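Asks: Structure incoming, see below.
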Amino acid sequence: MDKNLQQKLTELHAEIDEAQDVDEEARQMLVHLQQDIQRLLVQSSDAEVHRSLTGRLTQAIKQFEVSHPDLTWSMGQLVDLLARLGI
């Protein structure tokens, strides 16, 4: 796995763990993102995991862009990195 991708996934995972002031629906979205990140860290060549993560990140960015700008910035960086890697 690309070292930069590994680093961004690890950073985002930590930021999701630290997210505060989110309702139950948003928390569930973050839990699913964490699961996708964990699967990607373990199964880096699984294209379905890549698509799932990219889709969830895009959805989460829309939901959290106002309330959690740092989190959405990290998500956006990861989406950009995945796109540059052709994922």
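Asks: State all residues of the range 25-50 that are in a helix (DSSP H, G or I), free of Cβ contacts under 8 Å to residues at least 24 places away in the same chain, open to solvent by 70 Å² or more (accessible area, probe 1.4 Å) and more than 18 Å from residue 62 (Cβ to Cβ); if no residue qualifies, say none.
Replies: Once the filter is applied, which keeps residues that are in a helix (DSSP H, G or I), free of Cβ contacts under 8 Å to residues at least 24 places away in the same chain, open to solvent by 70 Å² or more (accessible area, probe 1.4 Å) and more than 18 Å from residue 62 (Cβ to Cβ), the range 25-50 yields 35, 39, 42, 48.
Asks: Scanning the range 12-24 for residues that are out of contact with any Ser or Thr (no Cβ under 6 Å at 6 or more places or on another chain) and closer than 16 Å to residue 79 by Cβ, which turns out most open to solvent (accessible area, probe 1.4 Å)?
Replies: Looking only at the range 12-24, we keep the residues that are out of contact with any Ser or Thr (no Cβ under 6 Å at 6 or more places or on another chain), and these are 13-14, 16-24.
From what's left, closer than 16 Å to residue 79 by Cβ: 13, 16.
Details: 13: 44, 16: 1 Å².
By that ranking, first place goes to 13.
The values are calculated or read from the model by the stated rules, or taken from the named source; none is laboratory data. Everything numeric here is computed off the predicted structure, so don't read it as measured data. Note: ideal-geometry Cβ built from the backbone for every residue, glycine included; neighbour counts use all protein chains shown. Just the protein is used for accessible areas: all its heavy atoms, side chains included, with ligands, DNA and RNA removed. Shrake-Rupley method; radii C 1.70, N 1.55, O 1.52, S 1.80 Å.
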